[in-house]
Amino acid sequence: MAKALKIAGGIVIGIIAIGACNAATNDSGTKTGTDGTKPATASKNNSPAAAKKTQVEEFTACVNKTGTPTEKTAVKHVTKVTGADKQNNILDNAEIYTDFTGGIVGPHQGEGKLIASAFTSCYESDNGLVTVYDKDGQILSNAQF
């Protein structure tokens, strides 16, 4: 029994050590490709000026560069973006808030879907979900990214 407890304790310590090493070597939380490089996304711009941009500014800049005309129009209603800057590819959850009203059955559900689609074009994750909300916190749309 004592030998089994020693082995179990050693396994637990080993798992904790591996997790700590992983956290220490990959504290940025960004996705890297198989060649060790980071993907080109709107949130990963290396210029000093870009480091000061808010998540809303980064997202709208990406959409203004690569989005469709209707996506660009819809994104003008974005008031807040959270979760786009920190990704771990396990369960990435980004939230986009807008000044629209009416929720998923209201008149702006289509614009919510356009915003979610634009987000998926700008950001990548192995297991991400972006949710778009109206100004009252009701869901307009969501999409995997």
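Things worth noting here:
- Packing-based order for 91-103, 116-128, using average beta carbon neighbours within 10 Å, highest first: 116-128, 91-103
- Candidate aspartates and glutamates for bridging to Lys72, where Cα separation is under 14 Å - those fewer than 8 sequence places away on the same chain excluded: Glu57, Glu58, Glu111
- Rounded to the nearest whole Hz, the Karplus-based 3J(HN,Hα) values (6.51 cos²θ - 1.76 cosθ + 1.60, θ = phi - 60°) of segment 73-81 follow the sequence 5, 5, 5, 4, 9, 6, 10, 7, 10, with x at glycine and proline.
- Based on the Kirkwood approach, the hydrodynamic radius assigned to segment 100-140 is 10.5 Å, with every pair of different Cα atoms included.
- Cross-link partners for Lys53 among the aspartates and glutamates, with Cα-Cα distance under 15 Å and sequence neighbours closer than 8 places in the same chain left out: Asp85.
- Against the empirical 2.2 N^0.38 Å (N residues), segment 63-115 has a Cα radius of gyration ratio of 1.24.
Rule-based calculations on the coordinates, nothing more; no lab input. Just so you know, these numbers come straight off a predicted model, no measurement behind them. Quick reminder, even Gly has a Cβ in these numbers, built from the backbone with ideal geometry, and neighbours come from all protein chains shown.
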